[in-house]
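To start, the structure under review is shown below, and the notes come after it.
The values are calculated or read from the model by the stated rules, or taken from the named source; none is laboratory data. Remember, it's a predicted structure, so these values are computed and weren't measured experimentally. Here Cβ is always computed from backbone atoms with ideal geometry, including for glycine, and neighbour counts include all displayed protein chains. Keep in mind that these areas ignore ligands, DNA and RNA; they rest on the heavy atoms of the full protein, side chains included. Shrake-Rupley method; radii C 1.70, N 1.55, O 1.52, S 1.80 Å.
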Amino acid sequence: MQNIIESLRYWLLKIPEMFHIMTKTEMTERTAQNKWSKKECLGHLCDSALINLERFIKIQYEVSPHVVSTYDQVQWVEL
């Protein structure tokens, strides 16, 4: 578990550093038509974290079976 914590701590510090030195083109360029840019991937991870936090909290107190709400991740990334 300590390795996971250290890895998360590393990336929480490293990713902002990496984005800080990237050009706008490097952040927004898509490597393929059906692939997200680095900026879109980061946005998706933020969206997913918020959605999953809500899911994890609700699943603890809602009656079973828990219904997982969905969201249009592609539209959210576009926004």
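Measure nothing but the geometry: give the 0 to 90° angle between the long axis through the Cα atoms of 2-21 and the longest principal axis through the Cα atoms of the chain, rounded to 10°.
40
Kindly count the pairs of lysines across region 1-64 whose alpha carbons are less than 28 Å apart, treating pairs on different chains or eight or more residues apart as eligible. Intermediate values should be presented prior to the final figure.
Numbers: Lys14/Lys24; Lys14/Lys35; Lys14/Lys38; Lys14/Lys39; Lys24/Lys35; Lys24/Lys38; Lys24/Lys39.
Taking the Cα cut-off of 28 Å, the pair count is 7.
Write down the accessible area per residue of the chain in Å², having rolled a 1.4 Å probe over the full set of protein chains.
Details: 7080 Å² over 79 residues.
For the chain, the solvent-accessible area averages 90 Å² per residue.
Put Ser64, Ser48 in order of accessible area, largest first, 1.4 Å probe: what do you get? Spell out each step's value before the answer.
Numbers: Ser64 110, Ser48 25 Å².
The residues order as Ser64, Ser48, largest area first.
Hey, what angle do you get for helix 38-61 against the long axis of the chain, alpha-carbon based, 0 to 90 degrees rounded to 10?
10
Is the chain best put as rounded, prolate or oblate by its Cα gyration tensor, with a ≥ b ≥ c the root eigenvalues, rounded for a/c under 1.5, and otherwise prolate when a/b is larger than b/c, oblate when not? Write down the numbers at each step before the final one.
Values: a/c = 3.33, a/b = 1.42, b/c = 2.35.
Note, shape of the chain comes out oblate.
List the trypsin sites (Lys or Arg not before Pro) within region 16-70 that fall in a DSSP loop (any state other than H, G, I, E or B) and whose Cβ has at most 16 other Cβ atoms within 10 Å. Walk me through the numbers on the way to the answer.
Details: sites: Lys24, Arg30, Lys35, Lys38, Lys39, Arg55, Lys58; in loops: Arg30, Lys35.
Hits after loop and neighbour filter: Arg30, Lys35.
Classify region 1-41: rounded, prolate or oblate, from the alpha-carbon gyration tensor (a ≥ b ≥ c, eigenvalue square roots; a/c under 1.5 rounded; otherwise prolate if a/b is larger than b/c)? Walk me through the intermediate numbers first.
Working: a/c = 5.20, a/b = 1.91, b/c = 2.73.
Oblate.
With a 10 Å cut-off between alpha carbons and a GNM built on the chain, which of Leu12, Leu50, Leu42 moves the most?
Among Leu12, Leu50, Leu42, the largest mean-square fluctuation in the Gaussian network model of the chain belongs to Leu12.
Return the calculated 222 nm mean residue ellipticity for the chain, to the nearest 500 deg cm²/dmol, obtained by summing -39500 (n - 2.57) across DSSP H runs with n ≥ 4 and dividing by the residue count.
Numbers: 4 runs with 55 residues, N = 79.
After summing the helix terms and dividing by the residues of the chain, the value is -22500 deg cm²/dmol.
At 7 Å along Cα-to-Cβ for each site, give me the label-to-label distance between Thr70 and Leu42 in nm.
According to this spin-label approximation, the distance is 2.9 nm.
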